[in-house]
Amino acid sequence: MTGAPDHPQDDPAERKMRFLFALRSRGVTDSRVLTAMERVDRGAFVKGLFADRAYEDMPLPISCGQTISQPSVVGLMTQALNVQPRDVVLEVGTGSGYQAAILAHLARRVYTVDRHRRLVREAVDLFRAMDLTNITAVARDGSFGWPEQAPFDRIIVTAAAEDPPGPLLAQLKPGGVMVLPVGQSDAVQSLIKVTRGEKGFEYEELRPVRFVPLVEGLASE
Ligand code: SAH
């Protein structure tokens, strides 16, 4: 076609359209989630060797031996979380900061924690550059949640535990929702949605996933 770029994947508008199309075709249909994901440039969160693959639907390596999740999984988890504009959200596993940046467009306030100080530092720089002022990120062991800021309307865990950690269940508001992968780290895990109802917790299994493990304690860097 005349006038079209030689490499359509290099054209940002075209790239964004294909990125959103891939999300939709994998079940991310919530328009608020899609709009938030359209506004957050995944390319900013992927550095070095893999930067040119940032718009593909695959997990990619980030610093500290961790990974930025696959965009469609980020979308499906965000959709399952059903974030409301006045919500206070806790994310365990800041990683690159990508998921937190998306949540920041949907929630009133986002608290995010990672056991790697370096990841938190890098993510904070990106949040500042993007003017995302409603995110607070700190280095700490998220398996204990963040009692000082609890309770939360929504909790999302982006690393896999064998079971939903008790402290996180305790820090969920009544009516609150938590989305997390559970299972052994070297096997297929299940993404589950926990809702705190009047009579206790309800569990719904969403789909098989694969995440890095939730590890106790702060990391050395
Ligand atoms: N949400 C991230 C991807 C996270 S990868 C993104 O959007 O890029 C999982 C992250 O969980 C890793 O960065 C890892 O360091 C972190 N993690 C693992 N165990 C943890 C724990 N106990 N407390 C806090 N963070 C933890």
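Only the coordinates and a few stated rules stand behind these numbers; no lab work does. Being a predicted model, the structure only gives us computed values, none of them experimental. When we count neighbours, we look across all protein chains shown, and the Cβ atoms used for this are built from the backbone with ideal geometry, even at glycine.
Miscellaneous remarks
- Listed residues Met37, Met58, Met178, most fluctuating in the chain (Gaussian network, C-alpha, under 10 Å): Met58
- Amide H within-cut-off set for Glu91, under 5 Å, with H built and near neighbours excluded: Tyr111, Thr112, Val113, Ile156
- Each residue in Ser31, Ser185 was given a count of other beta-carbon atoms within 10 angstrom of its own, and listing them fewest first yields Ser31, Ser185.
- Fully extending the segment from Thr35 to Leu218 would add 62.5 nm, taking 0.36 nm per residue of separation and subtracting the current Cα-Cα distance.
- By other beta-carbon atoms within 10 Å, ranking Thr94, Thr67, Thr78, Thr133 with the fewest at the front produces Thr133, Thr67, Thr78, Thr94.
- Student exercise, the range 12-209 dipole from Lys, Arg, Asp, Glu Cβ charges, in Debye to nearest 20: 440 debye
- Net charge over other residues, Cβ less than 15 angstrom from the Cβ of Thr78 (K, R count +1; D, E count -1): +2
- Gain upon complete extension [Phe21, Arg53; 0.36 nm per residue less C-alpha separation]: 9.9 nm
- GNM result for the chain, Cα springs below 10 Å: residue of Pro167, Pro181, Pro12 fluctuating most strongly: Pro12
- Label zone at Ser185 (point 7 Å along Cα-to-Cβ), backbone N below 13 Å, the range 63-79: 65-67
- Here the Karplus curve 6.51 cos²θ - 1.76 cosθ + 1.60, taken at θ = phi - 60°, turns the phi angles of the range 198-210 into couplings of 4, 9, x, 9, 10, 10, 10, 8, 9, 5, x, 9, 9 Hz, with x standing for Gly and Pro.
- Per residue, the chain reaches -8000 deg cm²/dmol at 222 nm when only DSSP H runs of four or more residues are counted, each adding -39500 (n - 2.57).
- Based on Cα contacts under 8 Å between residues 6+ apart, the chain shows a relative contact order of 15 percent.
- Both radii were evaluated on the Cα set of the chain; the Rg over Rh quotient, with Rh as the Kirkwood radius, amounts to 0.97.
- Distant-in-sequence amide H partners of Ala219 (H built 1.01 Å from N, under 5 Å): His116, Arg117
- Net length gained if the chain between Asp125 and Arg207 were fully extended (0.36 nm per residue, minus Cα distance): 26.2 nm
- Taking amide H as placed 1.01 Å from N in the peptide plane, Val212 has its amide H under 5 Å from the amide H of Ala160, each at least 5 places away in sequence or on another chain.
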